[in-house]
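Novice: This is the structure I want to talk about, given as structure tokens.
The values are calculated or read from the model by the stated rules, or taken from the named source; none is laboratory data. From a predicted model like this one, the values you see are computed outputs, not experimental measurements. Every residue, glycine among them, receives a Cβ derived from its backbone with ideal geometry; neighbour counts consider all protein chains shown.
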There are 2 protein chains.
Amino acid sequence: MGGNGHKLLTAEREQRIMQLLRDAEVVTVSAISAALGMSEATVRRDLQAMHERGLLERVHGGAAIKQESKPEPLFSDKEGQFSAEKQRIATTALTLIRDHDTIFLDGGSTVLMLARLLDSFKALTIVTNSLMAAAQLMESPHRLILTGGEFRAISRTLVGPLSSPILKNIVVDKAFMGTMGFTTSDGMSTTDANEAYTKTQVMERARQVILLADRSKLGSSSFVTCGSDWRLDVLVTDAIDAKMRQELEERETRVIVAGKNAGAKIKADTTRRNR
Amino acid sequence: MGGNGHKLLTAEREQRIMQLLRDAEVVTVSAISAALGMSEATVRRDLQAMHERGLLERVHGGAAIKQESKPEPLFSDKEGQFSAEKQRIATTALTLIRDHDTIFLDGGSTVLMLARLLDSFKALTIVTNSLMAAAQLMESPHRLILTGGEFRAISRTLVGPLSSPILKNIVVDKAFMGTMGFTTSDGMSTTDANEAYTKTQVMERARQVILLADRSKLGSSSFVTCGSDWRLDVLVTDAIDAKMRQELEERETRVIVAGKNAGAKIKADTTRRNR
DNA sequence: GTGGAGATGATTGATTTTGATTGAATATAG
DNA sequence: CTATATTCAATCAAAATCAATCATCTCCAC
């Protein structure tokens, strides 16, 4: 190929790698190694360095281009589908709830699954801005309070400044949040400014903030962040890499990983609780 | 395509699978296996992973593209008695609405029927405390705002003091109210104090108060009234006795009786408006 | 020339992915 | 309804890939 017999500077190599990525979306380590005439070990080192600078995504066997911010899938897409991870996360999060708690439920499919499991408890006060969760809890014996606000069709939640006055009047014990993306630098992020605004408000009014996010959310960042000085007390997820886990624990965020068997165990537990 | 006969990265395989799916709607596991040159076990693993991310539907023997399904019961409604009368009342009430209005929709089946007919208008701002109406208007192009508050299961509305702060912040052009009972002495009445409280709040924030009530409501009184010094600008009903009509007109309340043919005429009217 | 800092390529053990095998679950035919 | 044939999910060994380590190489200053 056009590669001159000369040595390649690191910067030069990175340009070539980026070009390969733009051409093909994904490339294998061996392909890069062959194209640039260097050992796979060096390619991996380069890829890792570039990944840490956010230039690309690392995948097993190669690398993929990083897309800026993922477009938000329609709610119906995420809804009917059964996701084992989300189910496990929701089931694990159940252990954080006690009878007589006042809890907030955010939008999002994982939190919605949690809403479906709340029949086991007694006398909860449930505050939510999610119409899906409200529909789910309509027949439940719990006390149900909806925040007002402007209806956002894509997430089926109530958001924006109009939700502010009612949120100022309440305090919840635990806020179960969903999110489009989460990074340790920016905290939660979403695609809509009004939604981010409401999330921020809620978290200020909660004694404990709990984020339910599967591993696809961790490390990815969406359009709007929910305030720079974010706070998170508990993260429930299905898998997390060691680095982020350590960063979170340094910030005193408790990390709970919903293990494969956790679901069954806890399910039995809640069944017992369910009279 | 640069499809070299070499190794395929996971991301590449998923792209190819999605392409096959778009071409054929449904594909068998064995077909994918043959097309991509990989074992069926790996194909199944990929399909499961993609299914959990909502990219496709899994079917026995293969996979199918995910299509948007629109069955949205969310809130199922029970049509009660007098539905023909209610229909006429709602259709008549339509004539009171103009494009770009800001309107409030109360709970109740008659108001709900009105909500179903609002697609004809352009750029309404709709404020409501009725979850049924909200579900109905979810797909509409109008701006939709929900008052917050405590959920009252029997009427599926949001009521109580918590709805107060948000109502204080808005002004609506027209408030379309429903009620359990109505008398000239007490005004509207209902069975729940919180609901009455919210009704009162709404009417204070509306430039024009419009009551939709079939003849079974007129003259009967329920448990709680909505304030002693009630005000009503328009009453839309299907039949009214002369005495009450006169009393109302003395209070400067306009009375509109939805005649049997009124529905059709106005329907034509709205159809025209619907461009 | 000498020595150190940084980078490269090979090696190694650990991790991940793959494909074959198995018994269970599901669909199809009679 | 039962019997037969697919298809599935779980398991395991083999292959591929990874991250860490180490010896070597280059460049540059002294």
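Novice: Take the conditions free of Cβ contacts under 8 Å to residues at least 60 places away in the same chain, in a strand (DSSP E or B) and within 12 Å of chain B (Cβ to nearest Cβ) and apply them to residue A:167. Does it pass?
Specialist: Taking the combined requirement at face value, the residue does not satisfy it.
Novice: Can you tell me which residue in segment A:91-142 is modelled with the highest pLDDT, limited to those that are on the phi > 0 side of the Ramachandran plot and of a type outside the set (A, V, I, L, M)?
Specialist: Top of the filtered list is A:100.
Novice: Select from segment B:115-131 the residues that are under 8 Å from the mean Cα position of the chain (by Cα) and more than 18 Å from residue A:149 (Cβ to Cβ) and write down the one among them that is surrounded by the most Cβ atoms within 10 Å (Cβ to Cβ).
Specialist: B:115
Novice: Could you grab me the full set of residues in segment A:172-189 that are modelled with pLDDT under 95, in contact with a Lys or Arg (Cβ under 7 Å, 6 or more places away or on another chain) and β-branched (Val, Ile, Thr)?
Specialist: A:179, the sole residue that qualifies.
Novice: Here's another thing I want to ask about it. Condition (residue is over 19 Å from residue B:110 (Cβ atoms), modelled with pLDDT of 95 or more and more than 10 Å from chain A (Cβ to nearest Cβ)) applied to segment B:201-208: is it met by at least one residue?
Specialist: yes
Matching residues to (1) within 11 Å of DNA strand D (Cβ to nearest atom); (2) away from chain A (no Cβ under 14 Å); (3) more than 25 Å from residue A:89 (Cβ to Cβ); (4) touching a residue at least 24 places away in the same chain (Cβ under 8 Å):
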site: B:7; (1), (2), (3), (4): yes, no, yes, no
site: B:12; (1), (2), (3), (4): no, no, yes, no
site: B:19; (1), (2), (3), (4): no, no, yes, no
site: B:44; (1), (2), (3), (4): yes, yes, no, no
site: B:61; (1), (2), (3), (4): yes, yes, yes, yes
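Novice: Out of the residues in segment B:191-211 meeting the condition of being touching a Phe, Trp or Tyr at 6+ places or on another chain (Cβ under 7 Å) and over 21 Å from residue B:246 (Cβ atoms), tell me which one is surrounded by the fewest Cβ atoms within 10 Å (Cβ to Cβ).
Specialist: The residue in question is B:191.
Novice: Then there's this: Give me the residue from segment B:83-114 that is of a type in the set (S, T, N, Q) and in a helix (DSSP H, G or I) and, out of that set, farthest from residue B:145 (Cα to Cα).
Specialist: Checked segment B:83-114; the qualifying residue farthest from residue B:145 (Cα to Cα) is B:83.
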